[in-house]
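Shown next, in structure tokens, is the structure this report addresses.
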Amino acid sequence: MHLEVLALPLFLAWSCLCAPQQLCHPGDEFLGRCSSRSAHDETPATCTELNLGYCNDLGYSATIFPNILGHRSRLEAESGAEYLLLSVIHGLLNGECSPEIRLVGCSVLASPCRDSKMIKPCRSTCEALRKDCMHAFEAIEMAWPYFLDCDRFFAANEEGCFDPLSGLKARQEVALSSLSPEEPSTIIQFIYASNAQMYSLLKRTAAKCSHISHVYSIGRSTEGRDLLVIEFTDNPGHHELLEPEIKLIGNMHGNEVLGRQLLIYLAQYLCSEYTLGNQRIQSIINNTRIHILASMNPDGYEVAASEGPLLNGWTSGRANAQNIDLNRNFPDLTSIFYRNRRSRHYRIDHIPIPDSYWFGKVAPETYAVMKWIRSLPFVQSASLHGGELVVSYPFDFSRHPHEEKMFSPTPEEQIFKQLARTYADAHATMSNNDTDRCGASFYRNRGIINGALWYSFAGGMSDFNYLHTNCMEITVELGCDKFPSEAELYPEWKRNKEALLSFLESVHRGVKGVVRDTNGNGIKGATVSVRGIRKDVTTAEDGDYWRLVNPGTHILTATAKGYSKVSKRVYLPHNLNKAGQVNFVLEKLPVEPDIDDHLFPMADSWDRFDPYNQFERHGEPVVTEEGIERQEKPWWWNYFSQSGMSSPNWLLKNV
């Protein structure tokens with residue numbers, strides 16, 4: 001009896017050694033990780049010459065089949081989705097984590113063989129790679145490859161593993177030792193990015209700097225492309241009290257592509273320089289909430305990019321896929337302003353969108369940007385265009401409808417001029433009188449002009465920002481060439497980098513503060529006015545406000561419906577390099593009917609947005625017969641679905 005009990009574990013141990021390895025874990029075959037085989041299919045493990053095209057630089061010459069994934073031969077390994085992934089991963093990740101991903105992946109597909117035994121790659125190498133490169137896969141919405149499972153296919157150091165990156169590390173050390181020591185710097189690839197590449201770059205940048213950045217979508221274009229925003233701040237995803245919010249928008253006209261590229265480069269630059277310890281960039285990001293919409297018209301860009309820079313992209317792709325010019329598609333609030341500006345009792349800021357606007361054709365891109373503008377307390381903004389070299393500022397629509405070129409200032413003409421000057425003066429050539437222009441004459445203006453004085457048009461985004469919200473937006477025309485050659489991208493970045501950074505810093509001017517009640521609670525929707533300027537700003541959710549004013553003495557007044565009115569005299573010196581803080585405490589008063597009631601934004605007017613529910617944000621999800629919601633396949637799926645092999649569902653997230 002005792003002999004039988006002793007024999008049982010010996011038999012089980014022998015049977016484990018002799019039995020064929022289980023190649024498929026439950027569910028793995030469905031995911032495309034392997035295929036089930038019977039015992040008689042098994043091939044004895046033998047050392048063989050390493051002859052895999054993408055894996056021949058591993059530093060050893062012999063591998064073993066069947067390999068750790070169950071591939072029985074070189075041909076079977078080359079026919080698998082794992083090998084296909086390693087062959088295209090450099091392009092999918094835009095060069096990031098390359099060649100490290102390929103080398104470590106190859107060490108699993110073709111592990112070294114010694115004395116007919118497999119030597120597994122080191123788990124510590126795999127774990128370090130996953131930590132450094134996981135964000136790159138998340139950026140393109142790809143799952144971490146199953147065959148890079150550090151616990152499953154890798155071994156500990158004490159088990160006699162090998163480091164597949166040792167040769168690469170040695171070569172890198174030799175290369176670095178030959179370089180003279182310099183300060184670390186940001187590396188940007190100055191080439192055009194397709195829409196897919198732009199989304200990938202922005203997502204990878206946000207993942208790389210997740211402590212200061214994240215991406216979010218404000219909607220979709222006519223053809224269903226994401227309107228993707230990348231945000232930079234020290235507390236991503238949240239508005240912080242008294243921290244100003246600023247936005248930069250590019251590619252509103254799809255064929256004006258330089259601004260789109262500059263904003264992609266700016267996002268990469270902010271992430272990298274913050275990480276490298278650039279104090280100026282850290283100060284900007286720690287004290288500002290920056291939102292960058294690199295492409296407002298990705299559909300138009302697709303059309304323009306198909307022609308390329310040789311045809312200069314002058315007209316093709318300007319409009320969206322509905323043939324709507326997005327910078328003529330916003331509500332015309334400027335006409336309402338001109339009609340009512342002489343009435344003392346008519347409010348000329350936060351003008352509601354007239355219901356009649358919704359009966360026209362509203363582009364989904366316009367709709368998405370309007371909701372975005374209304375949802376955040378933006379202080380200032382810049383929209384990047386092309387076709388001239390100048391900064392224009394509101395109003396863009398002439399105060400006389402029959403005058404195409406007529407000076408049409410806002411109540412804050414001097415503030416707008418200062419904003420425009422900030423960008424133009426920091427640009428390498430924009431404010432120079434001897435700079436070649438593109439046909440228009442701006443030499444007397446040193447690179448800035450009132451929009452309507454240049455040429456008049458209604459329905460523009462800048463006028464809408466100013467008359468519907470607190471936000472002050474300028475339009476930056478970046479140059480004559482709307483679609484410059486790739487050789488011009490780096491010189492244009494150098495010309496515009498300082499201007500972009502100076503514009504971000506310029507939001508910290510004027511005054512800011514909080515309007516509270518006597519209990520210390522912030523008052524949302526209170527108005528803050530400046531004597532002599534007939535344009536008020538309103539407070540945000542927590543009662544904070546920002547008011548761009550030039551240096552000098554100003555009288556500020558805060559008031560809200562049902563509260564007292566408080567005024568303060570403020571002096572802002574010329575050498576002040578940050579916004580002065582002016583807080584208000586308002587006392588509760590009994591509400592009495594007043595002729596001035598309509599001076600305050602009413603919920604039933606300003607808050608009426610899309611009253612006829614023209615735009616459904618989300619359709620019903622598509623559900624399969626099994627009750628599972630069908631997921632849209634990512635853009636890279638075609639690499640694998642058209643290869644004829646079983647689909648690698650293990651690359652899909654949430655599967």
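The values are calculated or read from the model by the stated rules, or taken from the named source; none is laboratory data. Computed from a predicted model, the values in this text were never measured in an experiment. Here the Cβ is made from the backbone with ideal geometry for all residues, glycine too, and neighbour counts use every protein chain on show. These area figures cover heavy atoms from the full protein model, side chains too; ligands, DNA and RNA do not enter into them. Shrake-Rupley method; radii C 1.70, N 1.55, O 1.52, S 1.80 Å.
Just name the residue that is nearest to PHE378 (Cα to Cα) out of those in segment 523-548 that are of a type in the set (Lys, Arg) and open to solvent by less than 20 Å² (accessible area, probe 1.4 Å).
Looking at the filtered set, the residue picked out is ARG547.
Output the number of residues of segment 193-229 satisfying the condition of being part of a strand (DSSP E or B), among the hydrophobic types (A, V, I, L, M, F, W, C) and over 14 Å from HIS135 (Cβ atoms).
At the first step, the residues of segment 193-229 found to be part of a strand (DSSP E or B) are 213-220, 226-229.
Restricting the remaining residues to those that are among the hydrophobic types (A, V, I, L, M, F, W, C) gives 215, 218, 227-229.
The next check asks that each one be over 14 Å from HIS135 (Cβ atoms); those that pass are 218, 227-229.
So the answer is 4.
Can you give me the ranges of the strands (runs of 3 or more DSSP E) entirely in segment 385-480 with at least 1 residues that are closer than 30 Å to TYR545 by Cβ, open to solvent by less than 10 Å² (accessible area, probe 1.4 Å) and in contact with a His (Cβ under 8 Å, 6 or more places away or on another chain)?
Working: elements: 388-393, 448-450, 472-479.
Of the strands (runs of 3 or more DSSP E) lying wholly inside segment 385-480, those with at least 1 residues that are closer than 30 Å to TYR545 by Cβ, open to solvent by less than 10 Å² (accessible area, probe 1.4 Å) and in contact with a His (Cβ under 8 Å, 6 or more places away or on another chain) span 472-479.
Of all helices (runs of 4 or more DSSP H) completely enclosed by segment 45-140, which ones contain at least 3 residues that are surrounded by fewer than 20 Cβ atoms within 10 Å (Cβ to Cβ)?
74-78, 81-92, 123-139
Looking at (1) modelled with pLDDT of 95 or more; (2) assigned to a helix (DSSP H, G or I); (3) open to solvent by less than 30 Å² (accessible area, probe 1.4 Å), find the lone condition where TRP358 falls short.
(1)
Cβ-Cβ under 8 Å, sequence separation 6+ or interchain: first residue in segment 226-247 and closer than 15 Å to CYS271 by Cβ and without any contact (Cβ under 8 Å) to a residue 60 or more places away in the chain, partner of a type in the set (Lys, Arg) and in a strand (DSSP E or B). Which pairs?
THR233/ARG289
Among the residues of segment 614-626, are any open to solvent by 80 Å² or more (accessible area, probe 1.4 Å), at pLDDT 55 or above and in a loop (DSSP other than H, G, I, E, B)?
Yes, segment 614-626 has at least one match.
Based on this model, can you work out whether CYS161 counts as farther than 19 Å from GLU96 by Cα, open to solvent by less than 40 Å² (accessible area, probe 1.4 Å) and modelled with pLDDT of 90 or more?
Details: farther than 19 Å from GLU96 by Cα: yes; open to solvent by less than 40 Å² (accessible area, probe 1.4 Å): yes; modelled with pLDDT of 90 or more: yes.
Yes, satisfied.
Checking the conditions here, which among ASN320, ASN297 is within 30 Å of THR186 (Cβ to Cβ) and within 21 Å of the chain's Cα centre (by Cα)?
Among ASN320, ASN297, only ASN297 is within 30 Å of THR186 (Cβ to Cβ) and within 21 Å of the chain's Cα centre (by Cα).
Across segment 89-123, what is the total count of residues that are closer than 13 Å to CYS55 by Cβ and either at pLDDT below 90 or in contact with a Ser or Thr (Cβ under 7 Å, 6 or more places away or on another chain) (or both)? Walk me through it before giving the result.
Filtering segment 89-123 down to residues closer than 13 Å to CYS55 by Cβ leaves 89, 99, 101-112, 121.
Filter once more, so that each one left must be either at pLDDT below 90 or in contact with a Ser or Thr (Cβ under 7 Å, 6 or more places away or on another chain) (or both): 89, 99, 104, 110-112, 121.
Of the residues in segment 89-123, 7 are closer than 13 Å to CYS55 by Cβ and either at pLDDT below 90 or in contact with a Ser or Thr (Cβ under 7 Å, 6 or more places away or on another chain) (or both).
Counting only residues that are touching a Gly at 6+ places or on another chain (Cβ under 7 Å) and assigned to a strand (DSSP E or B), how many does segment 232-278 have?
Result for segment 232-278: 1.
Evaluate segment 211-223: report whether one residue or more is open to solvent by 20 Å² or more (accessible area, probe 1.4 Å) and among the β-branched types (Val, Ile, Thr).
yes
Tell me yes or no: at least one residue of segment 589-604 is within 27 Å of GLY525 (Cα to Cα) and modelled with pLDDT of 90 or more. Walk me through how you get there before you give the answer.
Here is the first cut: in segment 589-604, the ones within 27 Å of GLY525 (Cα to Cα) are 589-604.
Still in the list and also modelled with pLDDT of 90 or more: 589.
Yes: segment 589-604 contains one or more residues that are within 27 Å of GLY525 (Cα to Cα) and modelled with pLDDT of 90 or more.
Within segment 549-564, does at least one residue satisfy the condition of being open to solvent by less than 80 Å² (accessible area, probe 1.4 Å), in contact with a helix residue (DSSP H, G or I) (Cβ under 9 Å, 6 or more places away or on another chain) and not in a strand (DSSP E or B)?
Yes, because at least one residue in segment 549-564 is open to solvent by less than 80 Å² (accessible area, probe 1.4 Å), in contact with a helix residue (DSSP H, G or I) (Cβ under 9 Å, 6 or more places away or on another chain) and not in a strand (DSSP E or B).
Among what's in segment 340-354 and is at pLDDT 90 or above and open to solvent by 20 Å² or more (accessible area, probe 1.4 Å), pick the residue that is farthest from THR469 (Cα to Cα).
Across segment 340-354, the extreme among qualifying residues is PRO354.
Of all residues in segment 279-301, which are more than 19 Å from ASN496 (Cβ to Cβ) and assigned to a loop (DSSP other than H, G, I, E, B)?
ASN297
I'm told ALA382 meets every condition in (1) assigned to a helix (DSSP H, G or I); (2) within 24 Å of THR315 (Cα to Cα) except one. Can you identify the failing condition by its number?
Answer for ALA382: the failing condition is (1).
Looking only at segment 499-510, decide whether some residue is open to solvent by 60 Å² or more (accessible area, probe 1.4 Å) and farther than 29 Å from LYS588 by Cα.
Yes, segment 499-510 contains at least one residue that is open to solvent by 60 Å² or more (accessible area, probe 1.4 Å) and farther than 29 Å from LYS588 by Cα.
Open to solvent by 30 Å² or more (accessible area, probe 1.4 Å), of a type in the set (A, V, I, L, M, F, W, C) and modelled with pLDDT of 95 or more: which single residue out of LEU241, LEU248, LEU266, LEU270 fits that description? Talk me through it step by step, then tell me what you get.
Working: LEU248 fails: open to solvent by 30 Å² or more (accessible area, probe 1.4 Å); LEU266 fails: open to solvent by 30 Å² or more (accessible area, probe 1.4 Å); LEU270 fails: open to solvent by 30 Å² or more (accessible area, probe 1.4 Å).
After applying the criteria, what remains is LEU241.
Scanning segment 141-158 for residues that are open to solvent by 60 Å² or more (accessible area, probe 1.4 Å) and in contact with a strand residue (DSSP E or B) (Cβ under 9 Å, 6 or more places away or on another chain), which turns out farthest from LEU50 (Cα to Cα)?
GLU141
Note down all Cβ pairs under 6 Å where the first residue falls in segment 48-63 and is closer than 14 Å to LEU168 by Cβ, the second is open to solvent by 20 Å² or more (accessible area, probe 1.4 Å) and not in a loop (DSSP other than H, G, I, E, B), and they're at least six residues apart or on different chains.
GLY59/GLY167
Would you mention how many residues in segment 302-332 are modelled with pLDDT of 95 or more, surrounded by 17 or more Cβ atoms within 10 Å (Cβ to Cβ) and either among the aromatic types (Phe, Trp, Tyr) or not in a loop (DSSP other than H, G, I, E, B) (or both)?
Total satisfying the criteria: 3.
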